[in-house]
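Please read the structure below before turning to the comments.
The values are calculated or read from the model by the stated rules, or taken from the named source; none is laboratory data. Everything quoted here is computed from the prediction, not taken from an experiment. Cβ atoms come from the backbone with ideal geometry, glycine included; neighbour counts cover every protein chain shown.
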């Protein structure tokens, strides 16, 4: 009888281990860490740019915090919370990509901006967190060229996630990009448990099941 109880217990532990392993294989290493900001006009702090001409790297300030910026293609930068435009003149450049890197990667968990495209298309926003996870990519469809598009942005969905860098890009090129904002906001809950939470839940349920089986076995012995 004791051997039977031990056998049932070992089978139960094997089932729990197999279930946890199957979840580990089927579940991403983490839930989405950032989401599209549905209300990017609220809570942002202006990124004020340093005036610069014919540059591919420059900087700006969010309050007193420095953000470094690099461009693919040389640009002209208007000072303040203003515009970044591709270099014009006889030898114009096409501005396809801008990368924003806060000097302190623990400060901000949201980013947004406005702008215009040379052609209707898709703006890609790639965000790399400061906690060492894989970067995440978001696509925003822009229906009209040469017109300001509505503010678009991303925000952390997990408490404690912050932005190490964020890159905006469009293969057809930006006519201008402008009015950049960063923010530190309460995380938007994604509602998708992390893998570790799934594992703890399964182990907990398995432990409850084993306890119930042990009690049933004890009742059988006393009878």
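The C-beta contact set for the stretch 35-51 (first residue on the phi > 0 side of the Ramachandran plot, second residue in a loop (DSSP other than H, G, I, E, B), distance under 8 angstrom, 6+ apart or interchain) comprises 43/185.
Table: residues versus (1) buried (at least 20 other Cβ atoms within 10 Å of the Cβ); (2) closer than 13 Å to residue 174 by Cβ; (3) over 25 Å from the mean Cα position of the chain (by Cα).
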site: 56; (1), (2), (3): no, no, yes
site: 68; (1), (2), (3): no, no, no
site: 71; (1), (2), (3): yes, yes, no
site: 76; (1), (2), (3): no, yes, yes
site: 79; (1), (2), (3): no, no, yes
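Checking each residue in the stretch 139-163 for being in a strand (DSSP E or B), touching a residue at least 40 places away in the same chain (Cβ under 8 Å) and buried (at least 18 other Cβ atoms within 10 Å of the Cβ) picks out 152, 153, 154, 155, 156, 163. Does the stretch 85-111 hold any residues that are in a strand (DSSP E or B) and either more than 13 Å from the chain's Cα centre (by Cα) or farther than 25 Å from residue 34 by Cα (or both), and which are they? Hits for the stretch 85-111 are 85, 86, 95, 96, 97, 98, 99, 100, 101, 102.
Picking from residues in the stretch 41-54 that are within 23 Å of the chain's Cα centre (by Cα) and more than 13 Å from residue 178 (Cα to Cα), the one that is modelled with the highest pLDDT is 45.
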